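Structure, as structure tokens:
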Amino acid sequence: MVIRDPDPEKTPGGIVIPEQAKERLTRGTVLAVGPGKRAPSALAQKLAAAWGRYIKEHPEAVDTEVDDTIADVVHRLDRLAPSVEPGDKVLFGKYTGNEARVKDEHGVEHDCVLCDEEELYGVIE
């Protein structure tokens with residue numbers, strides 16, 4: 001979720017911009033990110049299958065703590081970590097994502113864009 005930067009009221013030269021002439025800005029600040037995209041699950045499935053085969057061949061290796069660790073690793077492999085984080089300044093397309101109005105913790109409404117990470121053009125440093 002990205003908070004769209006507000007449209008400027010005036011040009012740098014001081015001319016007031018009427019509502020009809022305002023262009024939608026294509027930059028904003030990342031407000032929140034999801035858990036990440038689903039990774040190709042083939043890797044996670046291969047790891048789980050390999051562990052299962054190992055346990056069949058070496059039953060003495062069964063250990064609840066190790067099993068929990070393997071399960072945690074497989075779960076984390078199932079998602080790709082987002083490359084943006086809250087607070088990042090980003091660029092995006094004019095018609096990117098879906099528009100939403102969201103209230104912040106102070107009750108102030110903001111124009112937001114709900115979009116996939118792939119729709120972002122980049123992060124402004």
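Can you tell me which residue is modelled with the lowest pLDDT among those in region 39-54 that are within 30 Å of the chain's Cα centre (by Cα) and surrounded by 12 or more Cβ atoms within 10 Å (Cβ to Cβ)?
S41
To keep it simple, each residue is scored yes or no on (1) at pLDDT below 80; (2) farther than 19 Å from Y121 by Cβ; (3) assigned to a loop (DSSP other than H, G, I, E, B); (4) touching a His at 6+ places or on another chain (Cβ under 9 Å).
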position: E23; (1), (2), (3), (4): yes, no, yes, no
position: T29; (1), (2), (3), (4): no, no, no, no
position: V33; (1), (2), (3), (4): no, no, yes, no
position: E60; (1), (2), (3), (4): yes, yes, no, no
position: P82; (1), (2), (3), (4): no, no, yes, no
position: L91; (1), (2), (3), (4): no, no, no, no
position: Y95; (1), (2), (3), (4): no, no, yes, no
position: H106; (1), (2), (3), (4): no, yes, yes, no
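Hey, among the residues in region 63-80 that are modelled with pLDDT of 70 or more and outside any helix (DSSP H, G or I), which one's surrounded by the most Cβ atoms within 10 Å (Cβ to Cβ)?
Result: R79.
Here are V108, V102: which of them is surrounded by 14 or more Cβ atoms within 10 Å (Cβ to Cβ), over 16 Å from the mean Cα position of the chain (by Cα) and either small (G, A, S) or on the phi < 0 side of the Ramachandran plot (or both)?
From the options V108, V102, the qualifying one is V102.
The values are calculated or read from the model by the stated rules, or taken from the named source; none is laboratory data. Only a predicted model underlies this, so the values are computations on that prediction, with no experimental measurement involved. Positions of Cβ are backbone-derived with ideal geometry, glycine not excepted, and every protein chain shown enters the neighbour counts.
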